[in-house]
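Remarks on the structure that follows.
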Amino acid sequence: MSDRFLLVLDEGTTSTRAMLFDAHGKPHGSAHQALTQHYPQPGHVEHDATEIWHRTLACAREMVGEAGGADRIAAIGITNQRETVVAWCKQTGEPLARALVWQDRRTADHCLTLREAGHEERVQHNTGLLLDPYFSGTKMRWLVENEPAVAAAAQAGTLALGTIESWLVWKLTGGAHLSDASNASRTLLLPLAGAQFDPALCDLFGVPTAALGEVVDTHGNFGSTLPELFGAPIPICGLVGDQQSATIGQGCLSPGETKATYGTGAFILANHGEALPRSAHRLLGTVLMQDRGKRTYALEGSVFVAGSLVQWLRDSLGLLGTAAETETLARSIPDSGGVVIVPGLSGLGAPHWLPEARGVIAGLSFSTGRAEIARAALEAMAHQTYDLAAAFAADGAEWTSLRIDGGMSANDWMAQDIADLLDIPVERPNFVETTALGAAKLAAVGCGTYPDLATASAAMRGGLGHFTPMMDGATRQRRLANWERALAAV
């Protein structure tokens, strides 16, 4: 396919994109559309699955046109916001309710009930996950129990449930119901050592097994698009959750190699090889990738609020004109003036797992201005990452360096602050959209352009920027002490 392209559909939380890559990983075009965020009440976050489909299709068609037609596309790779749940009708192919987004917290009480009933240890041992509304299983149950159209479809046997890649594959192919192992491992319904969704776990969470798709590899041939969508069929050859995709895009293919993605949330994954990941410090075990049934696992820490904190400061409080302004403001002052932000706007994720937590801005005084709050928002990224680094180290997976990516990582001040607070080197690729690159690599292997991911990564490698720790120990300890005090208030 030396003269053909890879088309990546990158389904994010706030937008959908389509990107063209060549066989060397060089981007050749991008189309982008925003997604509407629905907040019907506090703690509820929803998307319109029909909007997701229409806007994804529009972006894909734009890129197919830019490539010169469907015959110029070797394969499609799909990467997506994980844990978000869509319910649709198998007969009509139309959604039956709004999608529940991974940030949605409406099932917190049900998770607490399951924990109090003693189910968390069993669930964590089987799935690598904790009982938290973040994951898909309790969202699926909520839809079945609270949306009449979903309940009726479940009763009639016409209900389909899936994460975003499942929804897009169904629409693109006209009815293939699949879930790749990386996304399926985020549902609470797939045992880490099991090939398919487990009926016993489905019973525990109240999810009809018949509504779920077949669990498949992250790369291979998953069928082709309907001819009428792009003028000719295009094979779908890569499916992967966004954080696993970024890990692959960063080339973390050996055990111990670790990446952190700073987007809407922040997600740290360390390659764990073929050994089942077990955490005693409330980290997550997850499937990184699957090739012909053989799995590579990862240990993961998930932070719910990262870039969305800056977005909140900009859009809800009006303190910023643009997200990029935070770097200028942070550099304009010597420190945050004692201001510390604990960004618990959607609860706290790993390693704390406090879904009921709310955000805190501590240390305010009459001298506090926009610059102090903006700098504290960026410092919160390093603080949350430090907590995760400590948990990984306690689980025997200490970091010696960290590879970062995602939209926020373009902020040089923040990248340096992370290196300073963690006291380890930080690497950032010159091309920071590694989530899309990971899906391109998987699609390239799935369609046979490369024999394996190691070869694909070597051929599609880009340059790196480096950030070396410069902070003195006393300053680091003061920062961490202030963070701990603010965290205790949460």
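Taken together, the values in this text are just the output of simple stated rules run on the coordinates, not laboratory data. Predicted model, so just to flag it, every value in this text is computed and none were measured. Using ideal geometry, Cβ is built from the backbone for each residue, glycine included, and neighbour counts are taken over all protein chains shown.
Rounded to two decimals, what is Rg over Rh for the chain when you use alpha-carbon atoms and the Kirkwood radius? Write down the numbers at each step before the final one.
Values: Rg = 21.5 Å, Rh = 22.6 Å.
Answer for the chain: 0.95.
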Q: Classify region 274-337 as rounded, prolate or oblate from the Cα gyration tensor: take a ≥ b ≥ c as the square roots of its eigenvalues, call it rounded if a/c is under 1.5, otherwise prolate when a/b beats b/c and oblate if not.
A: prolate
Q.
Can you report the principal axis dimensions of region 404-449 using only the alpha carbons, biggest first, rounded to whole angstrom?
A. 42, 18, 12
Q | Mean Cβ count within 10 Å, highest first, over the residues of peptides 159-168, 34-43 | A | 159-168, 34-43
Q. Taking the Cβ-Cβ separation of L226 and K294 as r and a Förster radius of 35 Å, what is the calculated FRET efficiency to the nearest 0.05?
A. 0.70
Q) Binned at 10 Å from 0, what are the whole-percent values of the Cα-Cα distance distribution for region 105-156, short to long? A) 25, 45, 26, 4
Q.
Using amide H atoms built in the peptide plane, which far-off residues or other-chain residues are under 5 Å from G273 H to H?
A. G256, Y297
Q: Rounded to whole Å and sorted largest first, list the principal axis extents of the Cα atoms in region 370-447.
A: 49, 36, 16
Q) In nanometres, what is the gap between the two model label sites at D412 and A151, each 7 Å from Cα along Cα-to-Cβ? A) 5.8 nm
Q. Sorted by average packing, counted as other Cβ atoms within 10 angstrom per residue and highest first, what order do 72-80, 195-203 take?
A. 72-80, 195-203
(Q) Below 8 Å, C-alpha to C-alpha, sequence gap of six or more: please give me the relative contact order for the chain in percent. (A) 15 percent
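Could you state, as a whole-number percent, how many of the C-alpha pairs of region 5-241 are farther apart than 31 Å? Intermediate results must be reported in sequence, preceding the final value.
Values: 5946 of 27966 pairs.
Here the tail beyond 31 Å accounts for 21 percent of pairs.
Sorted by mean Cβ packing within 10 Å, highest first, what order do the peptides 349-361, 317-329, 462-474 take? Write out the running numbers ahead of the final one.
Working: 349-361: 18.3, 317-329: 14.9, 462-474: 12.2.
So the peptides 349-361, 317-329, 462-474, ranked by packing, come out 349-361, 317-329, 462-474.
Given just the C-alpha atoms of region 48-165, how large is their convex hull per residue in cubic angstrom? The partial results should precede the final answer.
Details: hull volume 15.7 nm³, N = 118.
Normalising the Cα hull of region 48-165 by residue number yields 133 Å³.
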